[in-house]
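Below: the structure, in C-alpha cells.
The values are calculated or read from the model by the stated rules, or taken from the named source; none is laboratory data. Values in this document were obtained by computation on a predicted structure and should not be read as measured data. A quick note on method: Cβ atoms are made from the backbone with ideal geometry, for glycine too, and the neighbour counts reach across all protein chains shown.
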Amino acid sequence: MEHTLSEQLRMAIDALDRCEARSMAGQFALEVMHEVRNPLDALGNLVYLAADARELGLVNDYMNAAKEQIVSLNQIANQTLTLARNAQTATLVDMLGIVEAAIRVHQRRIDSKQVHLVRDMCEEASLSVRKGEILQVVSNLIGNALDALPLQGTVSIRVRRRLAHICLLVSCPGDNVSAVGSIP
C-alpha cells in the first residue's frame, strides 16, 4: 500500500506529536514526583519518631503531623489528576475495548473469587470520549460489582448502542446490584 507524500508527512507529524506528548508527560511526572518526595520524606521521619517516642503525647503529635502530610499528598494527587484529565481531549474510542481493558484490570480478582463473567455486547460501540476518564468509570463499576459479589457470583456486562448514545449495564443478577449508564 503506497502512501502519498502528504499522507507520509501527516503520519510523520502525528508521530512527532506523540513523541512530544510523551516527553512532556515524562517531564510532568518528574515534577510531580519532586513534589511528592517532600511529604513522603516527612512521613517516613514522623513514623520513625512516633515508633521511637516513649510519651503518648509525643506519639499523638507526630501522628497529627503525619496526617497533615497525607493531606498534602492527597492535594498533590488531586491537582495532578485534575490537570491530567483537563489535558485529555475527547477522541473516538471503541467502548468494547474500554470494557475489555477494565475487565483486565480486575482479572486477578475475577479469578480469585471464581466470578462468572457474562459479556453481552453489541458489535459497534465507538464514541468520542476522554479515554482515561471513561476507563476509570467502567473500572469502578466492575470493581464495585466485584465487591458486592459472594464467591462464585456472576457479573453481567451489557453494552448497547441507542441512537447517539452508548448504554452500559454492569449488574450482579440475583443479587439486586446493578449500575446503568448512558454515554452521549
- Task: Could you grab me the full set of residues in region 122-142 that are loosely packed, with under 15 Cβ neighbours inside 10 Å and over 11 Å from the mean Cα position of the chain (by Cα)?
- Result: Cys122, Glu123, Glu124, Ser126, Ser128
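So which residues in region 39-65 are hydrophobic (A, V, I, L, M, F, W, C) and without any contact (Cβ under 8 Å) to a residue 24 or more places away in the chain, if there are any at all? I'd like the intermediate steps shown before the answer.
First, the residues of region 39-65 that are hydrophobic (A, V, I, L, M, F, W, C): 40, 42-43, 46-47, 49-51, 53, 56, 58-59, 63, 65.
If the condition is that a residue be hydrophobic (A, V, I, L, M, F, W, C) and without any contact (Cβ under 8 Å) to a residue 24 or more places away in the chain, then Leu46, Val47, Leu49, Ala50, Ala51, Ala53, Leu56, Leu58, Val59, Met63, Ala65 are the ones that fit.
For region 131-184, which residues satisfy the criterion of being polar (S, T, N, Q) and at pLDDT 90 or above? Write out each step before concluding.
Here is the first cut: in region 131-184, the ones polar (S, T, N, Q) are 136, 139-140, 144, 152, 154, 156, 171, 176, 178, 182.
The answer is Gln152, Thr154, Ser156.
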- From the residues in region 92-112 that are out of contact with any Ser or Thr (no Cβ under 6 Å at 6 or more places or on another chain) and buried (at least 17 other Cβ atoms within 10 Å of the Cβ), which one is farthest from Ala148 (Cα to Cα)? Val93
- Please work out which residue is surrounded by the most Cβ atoms within 10 Å (Cβ to Cβ), limiting yourself to region 145-166 and to residues that are in contact with a Leu (Cβ under 8 Å, 6 or more places away or on another chain) and aliphatic (A, V, I, L, M). Val155
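At pLDDT 80 or above and in contact with a strand residue (DSSP E or B) (Cβ under 9 Å, 6 or more places away or on another chain): is that true of Glu100 in this structure?
Numbers: at pLDDT 80 or above: yes; in contact with a strand residue (DSSP E or B) (Cβ under 9 Å, 6 or more places away or on another chain): yes.
Taking the combined requirement at face value, the residue satisfies it.
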